[in-house]
Amino acid sequence: MDVSRLAIAVAIVAIAVIVAVVQRRRRRVDAPTQPAVRAPAQLDRHDFEGADTEWLLVVFTSATCQTCADVARKAQVVASSAVHVVEVEYGADRELHRRYAIEAVPTTVLAGHDGVVRMSFLGPVSATDLWAAIAEAREPGSGPEPCHGHHGPPIG
C-alpha cells in the first residue's frame, strides 16, 4: 500500500509541475510592438512659407505640448535670410500633419532648396544642435558629430 500511495503522490507532484510550467509559458507576453515614428524625408516646399529660401526649418508642434513651444522658440533663433523657420501647429494645420504623416511632436526637419530633408530631430532639440545641423547641411564635414537625439537621413 505504501508504494501505491508514493506512486500517486509522485504522479500528483509531476502533474502539478507540468501545470505550473504550462501556465508560466502562457503568462509570458510578447513585448509590445514599438511604433516606427519617423520624420518626413522630403517636403514640398510650396506647402510652406519661405519656399524661396535656401533652407527651410519646419517645426511640427501641438499647442498642448510644452516641449514643442520650447523647440519652436529655439528654432526661431536660427532664422536668417538663408534659413526660413516655420512652425506647423497641429490644431491650426492638421492637414499638413496628415500629409507628412507626423505622428509625434515636436518633429523638426531641415530641408534644402530641393525639399530633401537633410536633418531631422524627434523630440527636444537645443538651439546649438540646430545651428550645428544647418552648418553641416551648408558645408558637410564642418559640423560636430550628430547629437544622440538626431534622427533622419545623413547629410550629403
Inset, instruction - Return yes or no: is V105 modelled with pLDDT of 95 or more, closer than 17 Å to K74 by Cβ, touching a strand residue (DSSP E or B) at 6+ places or on another chain (Cβ under 8 Å) and in a loop (DSSP other than H, G, I, E, B)? - result: yes
Inset, instruction - Identify the single condition in (1) part of a loop (DSSP other than H, G, I, E, B); (2) touching a residue at least 40 places away in the same chain (Cβ under 8 Å) that S81 does not satisfy, given that it satisfies every other one. - result: (2)
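Please pick out the residue among T128, T107 that is surrounded by 18 or more Cβ atoms within 10 Å (Cβ to Cβ) and of a type in the set (S, T, N, Q). Before you say what the answer is, go through the steps one by one.
Numbers: T128 fails: surrounded by 18 or more Cβ atoms within 10 Å (Cβ to Cβ).
That would be T107, the only listed residue that is surrounded by 18 or more Cβ atoms within 10 Å (Cβ to Cβ) and of a type in the set (S, T, N, Q).
The values are calculated or read from the model by the stated rules, or taken from the named source; none is laboratory data. All values derive from a computational prediction rather than experimental measurement. Using ideal geometry, Cβ is built from the backbone for each residue, glycine included, and neighbour counts are taken over all protein chains shown.
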